[in-house]
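The values are calculated or read from the model by the stated rules, or taken from the named source; none is laboratory data. What you see is a predicted model, and the numbers here were worked out from it, not measured in a lab. Note: ideal-geometry Cβ built from the backbone for every residue, glycine included; neighbour counts use all protein chains shown. Just so you know, the surface numbers come from the protein's heavy atoms only, side chains and all, with ligands and any DNA or RNA stripped out. Shrake-Rupley method; radii C 1.70, N 1.55, O 1.52, S 1.80 Å.
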Amino acid sequence: MVDKSEKFNWLVRVGYFSRAVLYFVLGLLALTSAGAISQGSDGIFKAVEEFPAGTALLWVLVVGLTAYALFRFASPLFDIENNGSDKKGWGKRLGHAGSGIAHLALAWTGYKVATGSPSGGSGASGAAAGVLSVEFGGVVLGLLGVAFFLAAVNQADKAISGKFMHRISARAPDSTRWLGGAGFAARSVVYVVIGWSLVQAGFLSSGPSQVKTLGEAVASLAGTGWLFTLTAAGLILFGLFSLILARYRIIPEIDSDQGVPKFRAA
């Protein structure tokens, strides 16, 4: 019989596997077919659907990204990784909540592609238009952009410091440190692009069409030469890094007495 802790562990690892596939495909498409990712997240999932057994893989992504999102939501709710309740700790926990929202949105996009549901063609621009239509909507989008800038700084800090290694098993391959460093650096660049698009739409009144999804942010770098190439390659490496995490990440265990996940070093 599988207990709660094993189920939780399994779901989180499927989540990391899904993240691995997502970023590997994103980076690969950027280098080989930037036009596909310029269509937004739909383009990424439609590309996955074209793979051998692509439909099955697409459903794995939907389930995995949802599981990963729930894992991230557990951070602000239960502090499963013992970040604490001071300002720095809450900053990390809220950052995890933001990651949960982003990955849940990706899971929803993947679900719509998998079921053949119409996307409506609005995507991030439609969502941004909805926010801008309410009072102080521009401020909300602008602040969200600032949050992405802060997330970009956090990603860069991880790339330089390598502190992400603290929650990875010592049995992980020796290449884990540099794969993660390159991947986090690439994500930092992408987060800056997304953050700037939100600031433009919110604070500079450039309109909702400025807002970029993950794929659109990468595609927008296509004219930057070496920066685009390095970012795309970094995202592929982040996919490989996430695949290592699917096997070697130290997953919080569920407290058998309280039913709440808590991080315990392995």
Top-ranked residue in the range 213-246 [being open to solvent by 20 Å² or more (accessible area, probe 1.4 Å) and of a type in the set (Ser, Thr, Tyr); ranked as modelled with the lowest pLDDT]: Thr213
Residue among Leu143, Leu132, Leu77 that is closer than 29 Å to Gln210 by Cβ and either crowded, with 20+ Cβ neighbours inside 10 Å or modelled with pLDDT of 80 or more (or both): Leu143
Subset of the range 166-202 [open to solvent by 60 Å² or more (accessible area, probe 1.4 Å), over 16 Å from the mean Cα position of the chain (by Cα) and aliphatic (A, V, I, L, M)]: Ala170
Subset tally (residues that are open to solvent by 50 Å² or more (accessible area, probe 1.4 Å) and either at pLDDT below 85 or of a type outside the set (Val, Ile, Thr) (or both)) for the range 53-65: 3
Subset of the range 112-129 that is in a loop (DSSP other than H, G, I, E, B) and loosely packed, with under 12 Cβ neighbours inside 10 Å - its residue that is modelled with the lowest pLDDT: Gly121
Any helices (runs of 4 or more DSSP H) falling wholly within the range 146-260 and containing at least 2 residues that are among the aromatic types (Phe, Trp, Tyr): 176-202, 226-248
Criterion violated by Pro76 - all others in (1) touching a Leu at 6+ places or on another chain (Cβ under 7 Å); (2) closer than 30 Å to Leu28 by Cα; (3) assigned to a helix (DSSP H, G or I) satisfied: (2)
Only listed residue being within 27 Å of Gln210 (Cα to Cα) and at pLDDT 80 or above, chosen from Tyr68, Tyr23, Tyr16: Tyr23
Residues being among the aliphatic types (A, V, I, L, M) and open to solvent by less than 60 Å² (accessible area, probe 1.4 Å) - total across the range 147-164: 5
Any hit, the range 44-57, residues being in a helix (DSSP H, G or I), under 14 Å from the mean Cα position of the chain (by Cα) and of a type outside the set (Gly, Ala, Ser): yes
Residue match in the range 89-111 (condition: at negative phi, polar (S, T, N, Q) and open to solvent by 40 Å² or more (accessible area, probe 1.4 Å)): no
